[in-house]
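The block underneath contains the structure these notes are about, expressed in structure tokens.
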Amino acid sequence: ESSDPEIASVDGMTITAHKAGKVTITAKVVDGGEDSPTASATLWVLSPAEGWEGIYRIDGNELGGIVEPSAAQVAADVVLYFWGNSLSVERMYRFADAGDGYVSWHAETDLGLAMEARDDGYIYLANYDPDSDAQKWQLVAVDGAEGVYRFQNKATGTYMAADNDASNMIIIHTDDTSMKSSQWKVTRLEPTVSMQLSAMYVNVGGTATALITASDATGTAITSGITLKSSDETVAQV
């Protein structure tokens, strides 16, 4: 059962999320009496930030590199780095609505972790706290640069930027909008699909087969739920 069905409801073993919030999901043995054993777990439901639905990668705009947790370790208290260029699921992120035009910024592989600015000047993965201003960010568009943003932290008022060695990430206390190291290319990742036919020409009554390669936005292969459609069923039927 759910502690708040308006946030997330339970039907059998399926939990359906309805709105942002936190619920406790409890399981218990049926007909076990008053002393029936129970187990519970906390479930957070996030609401995608308007205009920021989907999964994203974050690259330096003019500096080469992609944002990742240190050594691709998606865990609490790991600092963010600016390193390499190859994409992996550990380098993918989602933006959730944090209110008043701010977003919370989460690791795709663990939405319970959000980016947090700390007093030591660095940005860390931290356990999500919707009340923490240190985990709230405003994405400020850079004029004349499509898809390029500066990340301003609500708690500090400062911006995410690459450190001097261009390998790790810190909060820079500046309002200098010309800083190249504080400009980030934010790219939404999309599903992909490609197709090859076993033949480009067939005789009437003949057949051809299709080889489909598809993946979701994280690059994970899609092996079901794919349909084929012919533009003219009177010529060739699928």
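The values are calculated or read from the model by the stated rules, or taken from the named source; none is laboratory data. As the structure is a computational prediction, the values presented were derived from the model and not from experiment. Neighbour counts are summed over all protein chains in view; Cβ atoms, including those assigned to glycine, are modelled from backbone coordinates with ideal geometry. The accessibility values were calculated without ligands, DNA or RNA, using every heavy atom of the protein model including side chains. Shrake-Rupley method; radii C 1.70, N 1.55, O 1.52, S 1.80 Å.
Only residues that are over 28 Å from Tyr93 (Cβ atoms) and in contact with a strand residue (DSSP E or B) (Cβ under 6 Å, 6 or more places away or on another chain) were counted across the range 199-227, and they come to 4. When Ala49 is tested against the conditions (1) out of contact with any His (no Cβ under 7 Å at 6 or more places or on another chain); (2) modelled with pLDDT of 95 or more, the lone failure is (2).
Would it be correct to say that Ser86 is in a loop (DSSP other than H, G, I, E, B), farther than 18 Å from Gly147 by Cα, at pLDDT below 90 and open to solvent by less than 60 Å² (accessible area, probe 1.4 Å)?
Values: in a loop (DSSP other than H, G, I, E, B): yes; farther than 18 Å from Gly147 by Cα: yes; at pLDDT below 90: yes; open to solvent by less than 60 Å² (accessible area, probe 1.4 Å): no.
Spelling it out, it is not the case that Ser86 is in a loop (DSSP other than H, G, I, E, B), farther than 18 Å from Gly147 by Cα, at pLDDT below 90 and open to solvent by less than 60 Å² (accessible area, probe 1.4 Å).
Selection of the range 91-123 for residues being in contact with a strand residue (DSSP E or B) (Cβ under 8 Å, 6 or more places away or on another chain), part of a strand (DSSP E or B), open to solvent by 20 Å² or more (accessible area, probe 1.4 Å) and farther than 21 Å from Ile55 by Cβ yields only Tyr122.
Among the residues of the range 224-232, is any loosely packed, with under 12 Cβ neighbours inside 10 Å, charged (D, E, K, R) and over 23 Å from Tyr56 (Cβ atoms)? Within the range 224-232 (the criterion being loosely packed, with under 12 Cβ neighbours inside 10 Å, charged (D, E, K, R) and over 23 Å from Tyr56 (Cβ atoms)), the answer is yes, since at least one residue qualifies. Of the strands (runs of 3 or more DSSP E) lying entirely inside the range 1-78, those containing at least 1 residues that are open to solvent by 50 Å² or more (accessible area, probe 1.4 Å) and among the acidic types (Asp, Glu) span 8-11. In the range 164-176 there is at least one residue that is in a strand (DSSP E or B), in contact with a helix residue (DSSP H, G or I) (Cβ under 7 Å, 6 or more places away or on another chain) and at pLDDT below 95.
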